[in-house]
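S.K.: Structure provided below as structure tokens; questions to follow.
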Amino acid sequence: MKVIAIKQGYFGKLRAPDDVFEVPDGEKASWFTPVDKKGAAEGKGDAKPSDGLKVDELKAALVAKGIAFPDGAKKDELAALLDAAPQTQP
């Protein structure tokens, strides 16, 4: 299955936040999350880094990028911050 790193981790090699890579189906880790298959199946080329992430995953991704966010920020605010951040290239 295809996953995206939400913070640095190791799977075959060192992975940086926003890296997208394949893992065996059912594989789980606290530092990556599955890529939204629905969006991929619909052919959405405009996928956002925040797509499919929960609040704690959004916060972790923002911390990993060194982006500050206000206490009590709502999910949509966190997503907007993450989506506006410069993306790292593999």
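Throughout, read-outs are computed from the coordinates displayed, never taken from laboratory work. Model, not experiment: these values are computed from the prediction. All Cβ positions, glycine included, derive from the backbone under ideal geometry; neighbour counts span all protein chains shown.
S.K.: Determine the equivalent ellipsoid of segment 2-84 by diagonalising the alpha-carbon gyration tensor, then write out the semi-axes as square roots of 5 times the eigenvalues, largest first, rounded to whole Å. It would help to have the intermediate numbers written out before the result.
M.R.: On the way: eigenvalues 88, 54, 21 Å².
Over the Cα atoms of segment 2-84, the semi-axes work out to 21, 16, 10 Å.
S.K.: OK, next. Which residues' amide hydrogens lie under 5 Å from the amide hydrogen of R15, considering only partners 5 or more residues apart or on another chain, with H built in the peptide plane?
M.R.: Close amide H contacts, sequence-distant or interchain: G9, Y10.
S.K.: Using a cut-off of 13 Å between beta-carbons, work out the net charge of the residues near D71 (Lys and Arg +1, Asp and Glu -1, D71 not included).
M.R.: Every neighbour counted, the sum reads +1.
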